[in-house]
Amino acid sequence: MNIDLHCHSTASDGLLKPRDLVARAAANGVEVLALTDHDDVSGLAEARAEAESKGIRFVDGVEISVTWERTTIHIVGLQIDPEDPVLRSGLEAVREGRARRAKKIGDALEAAGIPGSLAGAKRYAENPNLISRSHFARHLAESGRAPDVKSVFQRYLVKDKPGFVEHRWASLADAVSWIRASGGIAVVAHPGRYKFPKPELHAFLAEFRDCGGAGIEVVTGSHSPEQYLEFARVAREFGLRASRGSDYHGKGESKADLGALPQLPDDLSPVWREW
Ligand code: AMP
Ligand code: MN
Ligand code: MN
Ligand code: MN
């Protein structure tokens, strides 16, 4: 089965509208697709309708921004209920924090001699309630501050750079509990990105499991083939379900296209086993 359980639309920082994203997934041969926008579920209804018309199975998802011990971690929720009031109010609080951070990023860039970037970022954000660093990056790249989005991040938007702003996202326990309250399963997104030394990774996963987390991405666009094997071992060791997702954002901004990743190692228990 071709299953892709992680991608983004214009409801967050993806480049394609939900319906165009689903159409692309279907054209690529995806049979089960989850849309997992950052901290927002407003793209799910349109995506589901398009999936139904294309005859592919659709899974409601979200990717929640979390701060754990000063590190930003992403937790994907799958098979959530986007109408659930607990989940909705949690996500709304995260988006309010995002809006405050966006203002601070704009101020920080202005102090570094780059005015107008918040207004610029907003022009790239189709969802006015969801301003991401990606929107700042697209604006700064387009206005010639760096040759491409990736270099804008490296020059301006990551730690110790002029447009980086420390931010406290949701707590791990809250994010997992919102996902579970809405009937979903909580999955650690792209664990290889956090660069945790082994003891921290173990402490994090132990806490994640204690909070009710159940899955981990093993095959993702953010991992190298060596990391597929490394996190397959971690999934076995911690008894976590394994997930697979491209984390597709759009042409030129993603390593993996929709549905284009290898299969999970077959001895792992996939998150979709009982679906
Ligand atoms: P935010 O949640 O607003 O802090 O933005 C995080 C998003 O920025 C991620 O989901 C990626 O889509 C994108 N991103 C983060 N780091 C980089 C990077 N180094 N290069 C390109 N995109 C990045
Ligand atoms: Mn993103
Ligand atoms: Mn992520
Ligand atoms: Mn993502």
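The values are calculated or read from the model by the stated rules, or taken from the named source; none is laboratory data. The shown structure was predicted, so the numbers you read here are calculated from the model rather than taken from an experiment. Don't worry about glycine lacking a Cβ; one is built from the backbone with ideal geometry, like all the others, and counts go over all protein chains shown. The accessibility values were calculated without ligands, DNA or RNA, using every heavy atom of the protein model including side chains. Shrake-Rupley method; radii C 1.70, N 1.55, O 1.52, S 1.80 Å.
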Which whole-number percent gives the relative contact order of the chain, counting Cα pairs below 8 Å spaced six or more residues apart? 20
Under 22 Å from LYS104, Cα to Cα: lysines that are on another chain or at least 8 residues apart: LYS122, LYS150, LYS159, LYS161
Can you list the aspartates and glutamates whose alpha carbon sits under 20 Å from that of LYS255, skipping same-chain ones fewer than 8 residues off? ASP4, ASP13, ASP20, ASP37, GLU63, ASP148, GLU217, GLU226, GLU230, ASP247
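What do the square roots of 5 times the Cα gyration tensor eigenvalues come to for segment 164-203, in whole Å, largest first, as semi-axes of the equivalent ellipsoid?
Numbers: eigenvalues 93, 49, 18 Å².
Over the Cα atoms of segment 164-203, the ellipsoid semi-axes are 22, 16, 10 Å.
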Going by Cα centres, segment 103-178 and segment 249-275 are how many Å apart? 27
For a bin width of 10 Å, list the pair-distance distribution of segment 135-275 built from all Cα-Cα distances, rounded to whole %. 11, 32, 34, 19, 3
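Per the 1.4 Å probe, what fraction of the accessible area of the chain, in percent, lies on carbon and sulfur atoms? Intermediate values should be presented prior to the final figure.
On the way: 5890 of 12140 Å².
Ligands and nucleic acids excluded, carbon and sulfur reach 49 percent.
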Mind pulling the angle between the C-alpha long axis of helix 44-54 and the longest principal axis of the chain? Nearest 10 degrees, somewhere in 0 to 90. 60
Among SER243, ALA203, PRO147, pick out the residue whose Cα is farthest towards the positive end of the charge dipole of segment 131-262, where Lys and Arg carry +1 and Asp and Glu carry -1 on C-beta, about the Cα centre. PRO147
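Keeping all protein chains in place, calculate the accessible area per residue for the chain (probe 1.4 angstrom), answer in Å². Each step should come with its number before you reach the end.
Numbers: 12140 Å² over 275 residues.
That works out to 44 Å² for each residue.
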ARG145, ARG244, reordered so the largest accessible area comes first (probe 1.4 Å): ARG145, ARG244
Taking the radius of gyration and the Kirkwood hydrodynamic radius from Cα positions alone, what is the Rg/Rh ratio for segment 40-106, to two decimal places? 1.06
Would you calculate, for the chain, the mean residue ellipticity at 222 nm contributed by helices, counting each DSSP H stretch of 4 or more residues as -39,500 (n - 2.57) and dividing by all residues, to the nearest 500? -12000 deg cm²/dmol
With a cut-off of 8 Å between alpha carbons and a minimum separation of six or more residues, what is the relative contact order of segment 29-108 in percent? 27
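Please identify every one of the trypsin sites (Lys or Arg not before Pro) in segment 65-137 that sits in a loop by DSSP and has no more than 11 other beta carbons within 10 Å of its own beta carbon. Can you show the working numbers first?
Values: sites: ARG70, ARG88, ARG95, ARG98, ARG100, ARG101, LYS103, LYS104, LYS122, ARG123, ARG133; in loops: ARG70.
Sparse-neighbourhood loop trypsin sites (Lys or Arg not before Pro): ARG70.
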When Rg is the radius of gyration of the Cα atoms in the chain and Rh is its Kirkwood radius, what does Rg/Rh come to? 0.95
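For segment 184-275, what's the relative contact order in percent, using C-alpha pairs closer than 8 Å and at least 6 residues apart?
Details: 130 pairs, mean separation 24.9, N = 92.
Reported as a whole number, the value is 27 percent.
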Could you give me the percent of Cα pairs per 5 Å distance bin for segment 8-64, shortest bin first, beginning at zero and ending with the bin that holds the maximum distance? 4, 25, 35, 24, 10, 1
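About the Cα centre, and with charges only on the beta carbon of Lys, Arg (+1) and Asp, Glu (-1), how big is the dipole of the chain? Nearest 20 debye, please.
Values: 36 positive and 39 negative charges, 167 e Å.
Charge dipole, the chain, about its Cα centre: 800 debye, nearest 20.
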5 Å-binned pair-distance histogram of segment 46-188 (Cα, whole percent): 2, 10, 16, 18, 17, 14, 12, 8, 3, 0, 0
